[in-house]
1. Arrange the peptides 36-45, 272-281, 241-250 so that the one whose residues have, on average, the most other Cβ atoms within 10 Å appears first.
2. As a test of the formula, what do you get for the chain when each DSSP H run with n ≥ 4 contributes -39,500 (n - 2.57) and the sum is divided by the residue count, at 222 nm and rounded to the nearest 500 deg cm²/dmol?
3. Rounded, prolate or oblate: which fits region 95-137 when a ≥ b ≥ c are the square roots of the eigenvalues of the alpha-carbon gyration tensor, with rounded for a/c under 1.5 and prolate only if a/b beats b/c?
4. Please give, to one decimal in nm, the separation of the simple spin-label points placed at SER255 and MET278, each 7 Å out from Cα toward the Cβ.
5. With Rg and Dmax of the Cα atoms in Å defined as stated, name the option among (1) 18.9, 56; (2) 18.3, 59; (3) 19.9, 62 computed from the structure displayed.
6. Using +1 on the beta carbon of Lys and Arg, -1 on that of Asp and Glu, and nothing else charged, what's the dipole of region 1-136 about the Cα centre, debye to 20?
7. Using a 10 angstrom cutoff on alpha carbons, build the Gaussian network for the chain and name the most mobile of LEU297, LEU170, LEU22.
8. Might you report the magnitude of the Cβ-based charge dipole of the chain about its Cα centre, with Lys and Arg at +1 and Asp and Glu at -1, to the nearest 20 debye?
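Every number in this text was worked out from the coordinates using simple rules, so none of it is lab data. Treat the numbers as computed from the prediction; the structure is a model and nothing was measured. Here the Cβ positions follow ideal geometry from the backbone for every residue, glycine too, while neighbour counts run over all protein chains shown.
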Amino acid sequence: MKTYLITGGAGFIGSTLSDKLLEMGYKVVVVDNFCDFYNPEVKEKNIKHNLQDNNYKLYRIDIRNKEELSKVFDENNIDAIIHLAAMAGVRPSIENPILYQEVNGIGTQNVLEEAHLHNIKNLVMASSSSVYGNCKEVPFKEEFIVDYAISPYAATKKSNEVMAHVYHHLYDMNIIMLRFFTVYGPKQRPDLAINKFTRLMINNDPIPMFGDGTTSRDYTYVDDIVDGIIKSIHYVEENENVYEIINLGNSNPVSLKEMIDTIGEVLGVTPKIEKLPMQPGDVDRTYADISKAKRLLKYNPKTSFHDGIEKFVEWYKQQK
């Protein structure tokens with residue numbers, strides 16, 4: 001039975017991935033520091049049902065702490081790593097760029113270094129669509145030059161891709177960097193737009209709309225992302241000399257106004273809009289070219305935006 005280490009494994013994507021891997025019969029080792037970026041109780045709830053599972057092991061540590069991280073590798077026979085742990089979010093990274101550099105930069109290199117020292121050859125790592133910045137050409141292709149980040153968060157994710165290539169080159173590690181495109185669905189972080197807007201509409205509060213509503217995002221349902229991650233794990237395990245950067249998106253951008261209207265429609269309410277200026281660091285649009293993911297991973301997102309919002313709202317109401 002294979003053992004997979006998931007950093008950030010108590011978060012939105014990580015806990016959903018953990019559930020799926022356990023369901024598939026694998027062992028899961030989770031590292032998460034339960035920081036207060038948002039209410040830690042959300043993460044506690046994400047993992048509670050797995051704590052009694054003999055195939056699930058949880059370490060409450062910070063990836064910046066190399067000594068504690070090393071113990072995780074010493075104590076477990078890890079077959080592959082899915083590195084999701086990071087400080088997330090464009091706007092908060094502008095307010096606290098040093099923290100983002102420490103966690104996403106040093107923390108990620110700690111994970112890579114421990115993988116090297118413990119001879120773990122297969123890694124799947126989270127990058128972000130934010131690396132594309134305000135790229136004018138769409139859809140976004142992996143071969144585009146992405147040297148023009150417009151937020152500290154995006155810059156850290158680009159640097160992760162570069163450092164991962166160093167370890168691939170020096171130590172023959174098989175690594176896939178996945179550029180996630182605006183992931184949503186059950187367990188989504190409470191600070192993200194779909195969760196936040198759902199909460200506001202249910203409470204009959206105004207929706208802050210930054211800009212004129214025409215900015216767009218390539219929203220990708222979490223189950224499709226998890227499917228892409230698992231396909232990536234299998235790809236690095238089954239192939240040699242792998243270093244790939246791959247978009248995981250839905251390839252169907254949705255405008256901010258359409259997103260708000262869809263949530264309102266599913267909830268059966270008319271959104272109250274509060275128009276605000278664009279925020280620094282925000283990009284105008286994201287739009288994934290997923291032809292590479294389809295070719296290499298046989299990735300095929302199945303969830304439409306409307307269906308995904310219906311599933312999210314159903315989950316949200318159950319939680320309340």
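1. On the way: 36-45: 14.5, 272-281: 11.8, 241-250: 21.8.
Answer by packing, highest mean first, reads 241-250, 36-45, 272-281.
2. Calculated from helices alone, the mean residue ellipticity at 222 nm is -12500 deg cm²/dmol.
3. Working: a/c = 4.78, a/b = 1.56, b/c = 3.07.
Here region 95-137 falls in the oblate category.
4. The two pseudo-label positions are separated by 1.5 nm.
5. (1)
6. Using only the charged Cβ atoms, the result is roughly 380 debye.
7. LEU170
8. Using Cβ point charges on Lys, Arg, Asp and Glu, the chain gives about 500 debye.
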